[in-house]
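Written below as C-alpha coordinates is the structure these notes are about.
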Amino acid sequence: MQPSAPQYAERLTAPRSWWVVTALVAVSGGLILLPLGTLPMLGGLLGAGALAAALVSSYGSARIRVVAGSLVAGDARIPVAALGDAEVLDAEEAQAWRLHKADPRAFMLLRSYIPRAVRIEVTDPQDPTPYVYLSTRDPEALAAALTAVRAA
(Lines give C-alpha, C1' and ligand atoms only; values in the text may rest on other atoms or scores of the structure.)
Protein backbone atom coordinates (compact mmCIF):
# COMPACT_ATOMS: atom_id res chain seq x y z
CA MET A 1 0.00 0.00 0.00
CA GLN A 2 1.31 3.45 -0.85
CA PRO A 3 2.16 5.61 2.19
CA SER A 4 0.06 8.47 0.80
CA ALA A 5 -3.05 6.33 0.26
CA PRO A 6 -5.53 6.62 3.12
CA GLN A 7 -5.70 3.52 5.31
CA TYR A 8 -9.03 4.77 6.66
CA ALA A 9 -11.38 7.50 5.45
CA GLU A 10 -14.81 8.53 6.69
CA ARG A 11 -17.06 11.54 6.30
CA LEU A 12 -19.41 12.24 9.21
CA THR A 13 -22.40 13.15 7.05
CA ALA A 14 -25.59 14.49 8.58
CA PRO A 15 -28.51 12.04 8.85
CA ARG A 16 -31.36 12.03 6.33
CA SER A 17 -33.78 13.44 8.89
CA TRP A 18 -31.75 16.68 8.96
CA TRP A 19 -32.31 17.05 5.23
CA VAL A 20 -36.06 16.67 5.78
CA VAL A 21 -35.84 19.51 8.31
CA THR A 22 -33.88 21.52 5.72
CA ALA A 23 -36.75 21.10 3.25
CA LEU A 24 -39.23 22.18 5.93
CA VAL A 25 -37.16 25.30 6.65
CA ALA A 26 -37.24 26.13 2.94
CA VAL A 27 -41.03 25.75 2.85
CA SER A 28 -41.31 27.90 5.98
CA GLY A 29 -39.21 30.63 4.37
CA GLY A 30 -41.54 30.59 1.37
CA LEU A 31 -44.70 30.65 3.50
CA ILE A 32 -43.44 33.58 5.57
CA LEU A 33 -43.05 35.69 2.43
CA LEU A 34 -46.19 34.39 0.66
CA PRO A 35 -48.31 37.43 1.67
CA LEU A 36 -45.87 39.64 -0.25
CA GLY A 37 -46.45 37.84 -3.54
CA THR A 38 -45.20 34.98 -5.66
CA LEU A 39 -41.73 36.33 -6.40
CA PRO A 40 -40.88 37.09 -2.74
CA MET A 41 -42.28 33.67 -1.79
CA LEU A 42 -39.94 31.95 -4.26
CA GLY A 43 -37.05 34.07 -2.97
CA GLY A 44 -37.84 33.06 0.61
CA LEU A 45 -38.12 29.41 -0.39
CA LEU A 46 -34.78 29.44 -2.21
CA GLY A 47 -32.98 31.64 0.31
CA ALA A 48 -34.08 29.73 3.40
CA GLY A 49 -33.46 26.40 1.67
CA ALA A 50 -29.97 27.40 0.53
CA LEU A 51 -29.02 28.70 3.99
CA ALA A 52 -30.31 25.61 5.78
CA ALA A 53 -28.64 23.28 3.25
CA ALA A 54 -25.32 25.11 3.63
CA LEU A 55 -25.47 24.76 7.42
CA VAL A 56 -26.34 21.05 7.35
CA SER A 57 -23.76 20.32 4.67
CA SER A 58 -20.95 22.14 6.48
CA TYR A 59 -21.72 20.41 9.78
CA GLY A 60 -21.74 17.05 8.01
CA SER A 61 -18.51 17.65 6.11
CA ALA A 62 -16.13 16.65 8.95
CA ARG A 63 -13.71 13.95 7.85
CA ILE A 64 -11.61 11.40 9.69
CA ARG A 65 -8.66 9.88 7.83
CA VAL A 66 -5.57 7.87 8.62
CA VAL A 67 -3.07 8.86 5.94
CA ALA A 68 0.71 9.22 5.62
CA GLY A 69 1.37 8.20 9.22
CA SER A 70 -1.07 10.74 10.64
CA LEU A 71 -4.58 10.84 12.02
CA VAL A 72 -6.47 13.67 10.35
CA ALA A 73 -9.70 14.54 12.17
CA GLY A 74 -11.43 17.72 11.10
CA ASP A 75 -8.75 20.42 11.13
CA ALA A 76 -6.39 18.47 13.41
CA ARG A 77 -3.45 16.47 12.07
CA ILE A 78 -1.80 14.23 14.68
CA PRO A 79 1.15 11.91 13.98
CA VAL A 80 0.22 8.33 14.85
CA ALA A 81 3.56 8.08 16.71
CA ALA A 82 2.15 10.60 19.25
CA LEU A 83 -0.90 8.43 19.94
CA GLY A 84 -1.44 5.43 22.19
CA ASP A 85 -3.85 2.57 21.70
CA ALA A 86 -7.33 3.25 20.36
CA GLU A 87 -10.22 2.25 22.61
CA VAL A 88 -13.44 1.32 20.79
CA LEU A 89 -16.45 2.74 22.64
CA ASP A 90 -19.96 1.33 22.38
CA ALA A 91 -22.92 3.72 22.50
CA GLU A 92 -23.22 3.72 26.29
CA GLU A 93 -19.50 4.19 26.94
CA ALA A 94 -19.24 6.85 24.22
CA GLN A 95 -22.03 8.82 25.88
CA ALA A 96 -20.23 8.61 29.22
CA TRP A 97 -17.03 10.00 27.63
CA ARG A 98 -19.07 12.84 26.08
CA LEU A 99 -20.62 13.72 29.43
CA HIS A 100 -19.29 12.99 32.92
CA LYS A 101 -15.96 11.37 31.95
CA ALA A 102 -15.01 14.13 29.50
CA ASP A 103 -11.84 16.16 30.01
CA PRO A 104 -12.09 19.78 28.81
CA ARG A 105 -8.51 19.57 27.47
CA ALA A 106 -9.37 16.68 25.12
CA PHE A 107 -9.72 17.07 21.38
CA MET A 108 -13.25 15.98 20.51
CA LEU A 109 -14.74 15.61 17.06
CA LEU A 110 -18.18 14.44 18.02
CA ARG A 111 -21.48 14.22 16.28
CA SER A 112 -24.48 13.50 18.47
CA TYR A 113 -26.20 11.50 15.74
CA ILE A 114 -23.35 8.95 15.65
CA PRO A 115 -23.63 6.79 18.78
CA ARG A 116 -20.25 5.00 18.71
CA ALA A 117 -16.76 6.44 19.04
CA VAL A 118 -13.04 5.85 19.48
CA ARG A 119 -10.94 7.29 22.29
CA ILE A 120 -7.20 7.49 21.68
CA GLU A 121 -4.69 8.46 24.36
CA VAL A 122 -2.17 11.14 23.38
CA THR A 123 1.28 9.93 24.48
CA ASP A 124 3.30 13.01 23.45
CA PRO A 125 4.61 14.56 26.71
CA GLN A 126 4.73 18.02 25.07
CA ASP A 127 1.02 17.93 24.24
CA PRO A 128 -1.40 18.91 27.04
CA THR A 129 -4.25 17.07 25.27
CA PRO A 130 -4.97 13.88 27.26
CA TYR A 131 -6.89 12.04 24.53
CA VAL A 132 -8.67 12.33 21.21
CA TYR A 133 -12.38 11.45 21.06
CA LEU A 134 -13.80 10.78 17.60
CA SER A 135 -17.37 9.88 16.71
CA THR A 136 -17.26 7.24 14.00
CA ARG A 137 -19.64 4.82 12.35
CA ASP A 138 -16.93 2.13 12.18
CA PRO A 139 -14.73 2.38 15.30
CA GLU A 140 -13.22 -1.08 14.82
CA ALA A 141 -11.89 -0.18 11.36
CA LEU A 142 -10.46 3.12 12.60
CA ALA A 143 -8.72 1.40 15.53
CA ALA A 144 -7.37 -1.30 13.19
CA ALA A 145 -6.01 1.34 10.77
CA LEU A 146 -4.24 3.16 13.60
CA THR A 147 -2.76 -0.11 14.86
CA ALA A 148 -1.59 -1.04 11.35
CA VAL A 149 0.11 2.33 10.84
CA ARG A 150 1.79 2.12 14.25
CA ALA A 151 3.06 -1.40 13.45
CA ALA A 152 4.45 -0.39 10.04
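The values are calculated or read from the model by the stated rules, or taken from the named source; none is laboratory data. None of these values were measured; they are calculated from a predicted model. No Cβ is skipped: glycine too gets one built from the backbone with ideal geometry, and neighbour counts run over all protein chains shown. All accessible areas refer to the heavy atoms of the entire protein, side chains included, with ligands and DNA or RNA removed. Shrake-Rupley method; radii C 1.70, N 1.55, O 1.52, S 1.80 Å.
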Exercise. Would you mind telling me the antiparallel percentage of the DSSP bridges in the chain, rounded to 5?
Key: 90 percent
Self-check item: q = 0.13, 0.17, 0.19 Å⁻¹: log10 I(q)/I(0) that the Debye formula gives for region 6-119, counting C-alpha atoms only
Solution: -0.66, -0.89, -1.01
Exercise. Give, as a single signed number, the net charge of other residues whose beta carbon lies under 10 Å from the beta carbon of A86, with Lys and Arg counted +1 and Asp and Glu -1.
Key: -2
Self-check item: Tilt relative to the chain, helix 139-151 - C-alpha long axis, 0 to 90 degrees, to 10
Solution: 40 degrees
Exercise. Over region 14-89, with every protein chain in place, what whole percent of the accessible area is carbon and sulfur at 1.4 Å, could you tell me?
Key: 70 percent
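Per residue, how much accessible area does region 1-105 have with a 1.4 Å probe, in Å²? Kindly include the intermediate steps, with their values, before the conclusion.
Numbers: 6490 Å² over 105 residues.
Counting only protein heavy atoms, the per-residue value for region 1-105 is 62 Å².
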Self-check item: Taking the convex hull of Cα positions in region 48-94, its mean projected area over all directions (nm²)
Solution: 5.1 nm²
Quiz item: When the Karplus curve 6.51 cos²θ - 1.76 cosθ + 1.60 is applied with θ = phi - 60°, which whole-Hz ³J(HN,Hα) does each residue of region 110-115 get, with x for Gly and Pro?
Solution: 10, 10, 5, 7, 10, x
